[in-house]
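To start, the structure under review is shown below, and the notes come after it.
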Amino acid sequence: MSRLTALTSLYRLADQEFGGGSLVDDVGQFAESASALLDHLVSDTLRPQLLVAIASARDLAGWTAFDATRHGDAQRHFGAAERFAIEAGDRHLAAHIRYGQAKQMQHLRHNRDALEILRAAHHQLDATPALTTILYGAEAASRAAIGDWEGAKQALDRSSEAFTDVDAGNEPEWLGFLDKGELLAQYGRVYRDWARTDRRRGGDAVRWVTEAINAFGPQNTRSTVLNQVGLASAYFLADAPDLALQAGDTAQRQAETLTSPRVIERIANLRRDATQHMHLPEVADFIRTLPRPTPVA
């Protein structure tokens, strides 16, 4: 069991640094092999610990499949992880798995579904500060996406308040990725959505995303690249196309260090925020260099 947990931790670190595309097959096979351990007779004393270890592995498999944009596999792994965590009675892990499900729904632009999942994550949960931080941060992003700005700001306030109480030594190992950059990134996401309906918010979006990028540690490579893409969007929304092009070029170079189809999809979606600047030849040329967008189901 300790080997299973250690291997899951190693895969998780590799996922954050290199992206899920290069790991998705290996992690998926590893997680399903871990699930097969339940086919053997396990004592009642050890079973809850084994269930938690397997749930963590399947949760990671869900994240890598999501990052590889294999959404059906991601949902299958997240569903299995949730069942194992609930059977083990680990509400914190179950809530984290639901957080992953909500992030996938956000990526697919099903934000009301994401809010329902997050509501289930909060249910009967005595959350740690780090878990509270990510759950309310995700809620803020979905509320902004549906135009509920007051609700988004309230969720951000709750997320920020919880973050001040985070003590990494008292948090689960799978929340070890959380640093201030993750919190600030949600502010950037909220204000980007707001700027799409009120261009006066574009400068706020730029400020928050810039602060997020500066706050990320070296281990959070993928998060840094995702926010570099977000910075390009924010500059377009702030009517600073020259700076947007610089940020976009940087994001494309950084993305080459990852194997993350999710990041590529985010880069493709830069078209959305560049629309008002397409009359500029340099912007039109930049858009032609972007990968083709993937239709959202």
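Nothing in this text is a laboratory measurement; each read-out follows from the coordinates by a stated rule. All figures in this text were calculated on a predicted structure; none of them were measured in a lab. Positions of Cβ are generated from backbone atoms using ideal geometry, with glycine treated the same way; all protein chains shown enter the neighbour counts.
Give the relative contact order (percent, whole number) for the chain; include only Cα pairs under 8 Å separated by 6+ residues.
The normalised contact order for the chain reaches 15 percent.
Taking Rh as the Kirkwood radius computed over C-alpha pairs, what is the Stokes-Einstein D of the chain at 20 °C in a medium of viscosity 1.002 mPa s, expressed in µm² per second?
Taking Rh from Cα pairs, D becomes 109 µm²/s.
Let me have the relative contact order for segment 167-262, percent, based on Cα pairs under 8 Å that are six or more residues apart.
Normalised by residue count, the contact order of segment 167-262 is 25 percent.
When the chain is fully extended, how far beyond the present Cα-Cα distance does GLU17 get from ARG271, taking 0.36 nm per residue of separation?
That pair, GLU17 and ARG271, stretches by 88.8 nm at full extension.
Taking a cut-off of 19 Å, what percent of all Cα-Cα pairs in segment 147-243 are separated by more than that?
When every Cα pair of segment 147-243 is considered, 44 percent fall beyond 19 Å.
Starting from the eigenvalues of the Cα gyration tensor, five times each then square-rooted, give me the equivalent ellipsoid semi-axes of segment 197-238, largest first, whole Å.
Each semi-axis is the square root of five times an eigenvalue, giving 21, 9, 5 Å.
Once the convex hull of the C-alpha atoms of segment 177-221 is built, how many Å³ does it hold per residue, rounded to a whole number?
52 Å³
Under a point spin-label approximation (7 Å from Cα along Cα-to-Cβ), what is the ARG292-ASP25 distance to one decimal in nm?
Roughly 2.4 nm, to one decimal.
Name the residue from HIS277, GLN154, ALA31 whose Cα lies farthest towards the positive end of the charge dipole of the chain, charges +1 on Cβ of Lys and Arg and -1 on Cβ of Asp and Glu.
Positive-end residue among those listed: HIS277.
Mind checking the full-extension length gain between MET278 and ARG253? Use 0.36 nm per residue of separation minus the Cα-Cα distance, one decimal, nm.
6.8 nm
Quick one: what Rg and Dmax do you get for segment 101-208 from the alpha carbons, in Å?
13.6, 41
Kyte-Doolittle mean at least -0.5 and Cα extent at least 27 Å along the axis: which DSSP H helices of the chain qualify?
The answer, listed by residue number, is 47-67.
Return the Rg/Rh ratio of segment 226-271 with Cα-based radii and a Kirkwood Rh.
Ratio of gyration radius to Kirkwood radius: 0.96.
Kirkwood hydrodynamic radius (Cα pairs, Å) of segment 204-286?
When all Cα pairs of segment 204-286 are included, the Kirkwood radius is 12.7 Å.
Roughly how many debye, to the nearest 20, is the charge dipole of segment 1-126 about its Cα centre, given +1 on each Lys and Arg Cβ, -1 on each Asp and Glu Cβ, and no other charges?
300 debye
How large is the dipole of the chain about the Cα centre if only Lys and Arg carry +1 and Asp and Glu carry -1, each at its Cβ, rounded to the nearest 20 debye?
Dipole about the Cα centre, nearest 20: 740 debye.
With each label point set 7 Å from Cα along the Cα-Cβ vector, what nm distance links LEU41 and GLN154?
5.5 nm
From the C-alpha coordinates alone, can you work out the Kirkwood hydrodynamic radius of segment 25-181, in Å?
16.1 Å is the Kirkwood radius here.
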